[in-house]
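Input: a single structure, listed below in structure tokens.
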Amino acid sequence: MKSIRVNPIACEGRGLCAELFPERIVLDDWGYPIVDETPIPPSLEHHARRAATMCPTLALALEENDERAKAVAEGERRLHR
């Protein structure tokens, strides 16, 4: 399964992602997305892909869960060096 993640540096808080994928994305008080990173079931994958594709700043990424786990592990390794 896949999950969706937001790049907080690239995000400008326009809110389109929450309109396109409200099942997993809500906006905070300033209009920035809060993303539920739990695995996305196949029935919602089309909506997640559309939100990522339509993001004006391309701040959303749809990725396989093992890619996410590898990125987190790499980040932790760098912190402990």
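Which count do you get for residues in segment 28-45 that are in a strand (DSSP E or B) and either exposed (fewer than 13 other Cβ atoms within 10 Å of the Cβ) or out of contact with any strand residue (DSSP E or B) (no Cβ under 6 Å at 6 or more places or on another chain) (or both)?
Final tally of qualifying residues: 1.
Just name the residue that is modelled with the highest pLDDT out of those in segment 24-64 that are of a type in the set (Asp, Glu) and closer than 12 Å to LYS2 by Cβ.
Per the stated criteria, the residue is GLU45.
List every residue pair whose Cβ atoms lie under 6 Å apart, where the two residues are 6 or more positions apart in sequence or sit on different chains, the first residue falls within segment 1-26 and is closer than 19 Å to GLU63 by Cβ, and the second residue, located anywhere, is in a loop (DSSP other than H, G, I, E, B) and small (Gly, Ala, Ser).
Pairs found: VAL6/ALA59; ASN7/ALA59; ALA10/ALA59; CYS11/ALA59.
Quick grid of which residues meet (1) modelled with pLDDT of 95 or more; (2) surrounded by fewer than 16 Cβ atoms within 10 Å (Cβ to Cβ); (3) assigned to a strand (DSSP E or B); (4) of a type in the set (Gly, Ala, Ser):
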| site | (1), (2), (3), (4) |
| --- | --- |
| GLU12 | yes, yes, no, no |
| CYS17 | yes, no, no, no |
| PRO22 | yes, yes, no, no |
| ASP66 | no, yes, no, no |
| GLY75 | no, yes, no, yes |
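The values are calculated or read from the model by the stated rules, or taken from the named source; none is laboratory data. If you're wondering where the values come from, they're calculated on a predicted model, not measured in any experiment. We place every Cβ from the backbone using ideal geometry, glycine too, and count neighbours over all the protein chains shown.
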